[in-house]
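Asker: The structure under discussion is supplied below as structure tokens; questions concerning it will follow.
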Number of protein chains: 4
Amino acid sequence: MDERTTISDLKLRVQKFCEDRDWDQFHNAKDLAIGIITESSELLEHFRFKSKEEMEGYFVDGHKREEISEELADVLFFVLRFAQMFNIDITQELIKKIEKNNQRYPVEKCKGANKKYSEL
Amino acid sequence: MDERTTISDLKLRVQKFCEDRDWDQFHNAKDLAIGIITESSELLEHFRFKSKEEMEGYFVDGHKREEISEELADVLFFVLRFAQMFNIDITQELIKKIEKNNQRYPVEKCKGANKKYSEL
Amino acid sequence: MDERTTISDLKLRVQKFCEDRDWDQFHNAKDLAIGIITESSELLEHFRFKSKEEMEGYFVDGHKREEISEELADVLFFVLRFAQMFNIDITQELIKKIEKNNQRYPVEKCKGANKKYSEL
Amino acid sequence: MDERTTISDLKLRVQKFCEDRDWDQFHNAKDLAIGIITESSELLEHFRFKSKEEMEGYFVDGHKREEISEELADVLFFVLRFAQMFNIDITQELIKKIEKNNQRYPVEKCKGANKKYSEL
């Protein structure tokens, strides 16, 4: 469904879910950023102490794959909610950031390298 | 631009940026989840020790607003990259999760309440 | 017991627990840092969307207090394990860092201020 | 210095640093937990996208080792501050937790295994 769904479509769904429950009062910037990081941590926890081989198995095992996809959706939920609450056009921000990183990480210098721009 | 951009559009931009640099080799599940959480932390750090009043000022101050929006875009970058690398339709997952949460958090029980479903 | 227990005492307990289970093989720097952050997130999750008043109640409610203290111990477990695995004298590092912060955050400038040293 | 320094010694140093700056007012449970997780993230970031071999090099390179040790100290700073602010005897909590984990992770079942207790 990713091909036919806009960012605004998803933002609206998230907004409706939260407004139906009258949650604007709890959704200040700090607590939404906490929402993002705590859900990110639940995603990361699946890979703690796991080897490359074990992780590859995760994406063939339907149940594990399901759990991981759900954690990823939880992160996205709060990212969209944050953008919606503070009127951030996240598409515009992402494109701007990719352009900035195009400068910071020029292809000829970064191809196949895992260094940070500050170490290049 | 959120109104006219699909999730797939953004996934493609992120994919192109990474493939141009030959970064698939570094982008396993564990390291991408680390990417998501470390960027989430940079977002959260803006609000550390800050009061409600100070945070509200952030969204009127153009420069601070810019910085925060950029951090949010960094989180989204890795969320989309994770979805793209592991063939996750993130729209479908988000909708599924919202439906699940509609069960877990029935409106009549949750309206105006900040409890977790396990505490309801 | 904090008054009569040294850092080394605690490091040894953590080391014994892990070595009894033959876990050195999983405890590389990246996975231990993941251990620290995922446990930190479990601590933080207790405060997500909670007001100052609700949080103050947590420390009078014996059960909540117990849960929070346990999460804090989980973070410390991995901090000590990291220090032990990589031969870091964490006391020395902490004292060095406090001295550095004494320079970065001079009392006369920082008293009652919640700014980062880079914003002073 | 870990051999001759008690947990209380370190707690007192952290407390003095913060009280000299009148920071009790900012150090509520939520913001201290944010302190712990944001510092954990700075530690973790050193290992993002890095291979086992690169990470091993970090602990022979004096400068990288220094940076990593400093991040670890930053995490410990906030762990101790949290314990001190909320009167948590962290030694007692850690020992209790290790005992609990001795039950959850019996040696005969866990030796050489990287499973969570809930998966055993």
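Asker: If you rotate chain D onto chain B, whose Cβ in D ends up lying nearest the axis, and how many Å away is it?
Answerer: Residue plus distance in Å, as requested: D:S41, 2.
Asker: Also: Within a 10 angstrom radius of the beta carbon, how do D:S8, C:S41, A:S118 rank from fewest other beta carbons to most?
Answerer: Values: D:S8 18, C:S41 27, A:S118 6.
Fewest-to-most Cβ neighbours within 10 Å comes out as A:S118, D:S8, C:S41.
Asker: A further question on this structure: Name the shape class, rounded, prolate or oblate, that the alpha-carbon gyration tensor gives for the protein assembly as shown, where a ≥ b ≥ c are the square roots of its eigenvalues, rounded holds for a/c under 1.5, and otherwise prolate holds if a/b is larger than b/c and oblate otherwise.
Answerer: Numbers: a/c = 1.39, a/b = 1.27, b/c = 1.09.
It comes out rounded by the Cα gyration axes.
Asker: Shape verdict for chain D, please, from the Cα gyration tensor: rounded (a/c under 1.5), prolate (a/b greater than b/c) or oblate. Walk me through the numbers on the way to the answer.
Answerer: Working: a/c = 1.90, a/b = 1.20, b/c = 1.58.
The shape class here is oblate.
Asker: OK, next. For chain D, what is the calculated [θ] at 222 nm in deg cm²/dmol (nearest 500), taking -39500 (n - 2.57) for each run of four or more DSSP H residues and dividing by its residue count? Let's see the in-between values first.
Answerer: Values: 6 runs with 81 residues, N = 120.
Theoretical 222 nm ellipticity from helices: -21500 deg cm²/dmol.
Asker: Sticking with this one: So which trypsin sites (Lys or Arg not before Pro) in the range B:80-120 end up in coil per DSSP with only 13 or fewer other C-beta atoms within 10 Å? Kindly include the intermediate steps, with their values, before the conclusion.
Answerer: Working: sites: B:R81, B:K96, B:K97, B:K100, B:R104, B:K109, B:K111, B:K115, B:K116; in loops: B:K111, B:K115, B:K116.
Of the trypsin sites (Lys or Arg not before Pro), the ones in loops of the range B:80-120 whose Cβ has at most 13 other Cβ atoms within 10 Å are B:K111, B:K115, B:K116.
Asker: Right, another one. So what is the relative contact order of chain C, in percent, for Cα pairs below 8 Å that sit 6 or more residues apart?
Answerer: Numbers: 47 pairs, mean separation 38.7, N = 120.
So the answer I get is 32 percent.
Asker: If you build the Cα gyration tensor of the range C:54-108 and take the root of 5 times each eigenvalue, what three semi-axes come out, in whole angstrom, biggest first?
Answerer: Values: eigenvalues 172, 89, 7 Å².
They are 29, 21, 6 Å, listed from largest to smallest.
Asker: HN-Hα J couplings of the range D:44-61 from phi, Karplus 6.51/-1.76/1.60, θ = phi - 60°, integer Hz, Gly and Pro as x?
Answerer: Karplus values, whole Hz, x for Gly and Pro: 4, 4, 4, 9, 4, 6, 8, 8, 3, 5, 4, 5, 5, x, 4, 8, 9, 6.
Asker: Starting from the Cα gyration tensor of the range A:1-62, take the square roots of the eigenvalues, sort them a ≥ b ≥ c, and report rounded, prolate or oblate (rounded when a/c is under 1.5, otherwise prolate if a/b is larger than b/c, else oblate). Please list the in-between numbers first.
Answerer: Values: a/c = 3.50, a/b = 1.62, b/c = 2.16.
Oblate is the answer for the range A:1-62, as a/c is 1.5 or above yet b/c matches or exceeds a/b.
Asker: Just to confirm my numbers, what's the Cα centroid distance between the range B:1-37 and the range D:42-73 in Å?
Answerer: 25 Å
Asker: Moving to a separate point now. What is the average number of partner chain Cβ atoms found within 10 Å of a Cβ in C:12-19? Numbers along the way, then the final one.
Answerer: Values: counts 1, 4, 2, 0, 1, 7, 0, 0.
Per residue, the number of nearby Cβ atoms from other chains is 2 on average.
Asker: Cross-link partners among lysines for B:K11, C-alpha distance below 23 Å, same-chain residues fewer than 8 apart left out?
Answerer: A:K11, A:K64, A:K96, A:K97, A:K100, A:K111, A:K115, A:K116, B:K30, B:K96, B:K97
Asker: Could you work out which residue, out of B:V14, B:V60, B:V75, moves most in a Gaussian network model of chain B, that is, has the largest mean-square fluctuation with Cα springs under 10 Å?
Answerer: B:V60
Asker: Return D:K11, D:K52, D:K30 ranked ascending by Cβ neighbour count within 10 Å, so the fewest neighbours appear first. Mind dumping the intermediate values first?
Answerer: Working: D:K11 21, D:K52 10, D:K30 24.
Starting with the residue having the fewest Cβ neighbours, the order is D:K52, D:K11, D:K30.
Asker: Just counting partner chain Cβ atoms within 10 Å, what average do the residues of peptide B:55-68 show around their Cβ? Mind dumping the intermediate values first?
Answerer: On the way: counts 4, 2, 0, 2, 5, 0, 0, 0, 0, 0, 3, 2, 0, 6.
So the per-residue partner count for this stretch is 2.
Asker: Within 10 Å of each Cβ in peptide C:94-100, how many partner chain Cβ atoms are there on average? Round it to a whole number, please. Spell out each step's value before the answer.
Answerer: Values: counts 14, 6, 4, 9, 7, 1, 2.
That average works out to 6.
Asker: Using label points projected 7 Å from each Cα along Cα→Cβ, tell me how many nm separate A:Q103 and B:Q25, to one decimal.
Answerer: 2.9 nm
We did not get these values from a lab; they are worked out from the coordinates using the rules stated. Source: prediction; values computed, not measured. Cβ coordinates were reconstructed from backbone atoms using ideal geometry, including for glycine residues, and neighbour counts include every protein chain displayed.
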